[in-house]
Amino acid sequence: MFDDPHDLEILAFFGLIALFEAWERARPARAVDRRAHWRLDVLCFGLALLMNRVSTHSIEALLPVFAPYAALEVLSDVRAWPAPFKILAALVVVDFLLYWMHRAQHRFDVLWRTHSFHHSVDQLWWFSGFRTSFLHSLLYNVPQALVPLFVFRLSPIEAGIGFAIGVLVQLWEHSNVDVDIGPLRHVVITPKYHRIHHAAVEPQNKNFAPIFALWDKLFGTWIDPRSMPRDFPLGLGQPVRAKALPRMIAGV
Ligand SMILES: [Zn+2]
Ligand SMILES: [Zn+2]
């Protein structure tokens, strides 16, 4: 039915969006005005999608020419693992790299400029998570494409499954759903977990992990979502000036 694995990715993408849209309407965590920034949100959605496609296709095209495959022959045993283990391992490695990338974005001014646009959202729902600057998307897409394709050499269909999981996480962490996942919360992050990361008040610079809560616990940046009130303000703590917007969108 699908000649190109990218078709599957697109199907998974829109299927997941439909799921979160329905879920948020059934069990919203907070009152959200979805129309407040719709023009900006649509623009960012298009940009994030475009950046993802451009970087993935560029890396796919450049890898066979430039990649020092011989340097990674030590990983040949790993590549022989069954697909589910390989996909999980790729997710863990990417997640670890993005945890540190994310911390660095909050630590260093030059990198904060690539990330502040993402923190300008003052209400979170599945669509608002796409508000990322051009440079932010580029920085994140490099490990997201390189690790599965180069390090683990996932097949297109395996990489497509990894991509769908990545989209699921992106929608999940920013979604406005009221959900309790029980003991699983010690393993994977929840929408409330990531909402704390977007707080405009203390505690700030916490809960950086994109998927696995383990990194925050290991490296001392964990805040228990149950210790926070249901409502707290989100965003940068000040309105974004219209003049600053183009630079924030570019991430410079
Ligand atoms: Zn952040
Ligand atoms: Zn976020």
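Please treat every number below as a calculation from the coordinates, not as lab data. Note that the coordinates shown come from a computational prediction; the quantities given were computed from them, not determined experimentally. Note: ideal-geometry Cβ built from the backbone for every residue, glycine included; neighbour counts use all protein chains shown.
Observations on the model:
- Over the chain, dividing the summed -39,500 (n - 2.57) contributions of all DSSP H runs of at least 4 residues by the number of residues returns a 222 nm mean residue ellipticity of -17500 deg cm²/dmol.
- Each principal axis of the Cα cloud of the stretch 124-237 was evaluated for its coordinate range; sorted largest first, these ranges are 44, 33, 27 Å.
- Tilt relative to the chain, helix 156-174 - C-alpha long axis, 0 to 90 degrees, to 10: 10 degrees
- Toward the positive end of the charge dipole of the chain, with +1 on the Cβ of Lys and Arg and -1 on the Cβ of Asp and Glu, the farthest Cα among 248, 164, 136 is that of 248.
- Extension reserve of the residue 242-residue 200 stretch, reckoned as 0.36 nm per residue once the Cα distance is removed: 13.2 nm
- Degrees separating the helix 134-146 axis from the principal Cα axis of the chain, which is the longest one: 40 degrees
- Highest-MSF residue in the chain out of 202, 158, 21 [GNM, Cα springs under 10 Å]: 202
- GNM flexibility winner over the chain from 20, 108, 134 (Cα, springs under 10 Å): 108
- Kirkwood Rh and Cα Rg combined as Rg/Rh, the stretch 36-115: 1.07
- Remark: the chain projects, on average over all directions, an area of 14.8 nm² (convex hull of Cα atoms).
- FRET efficiency, residue 21 to residue 76 (Cβ-Cβ, R0 41 Å, nearest 0.05): 0.45
- Seen against the Cα atoms of the chain and their longest principal axis, helix 5-26 is set at about 20 degrees.
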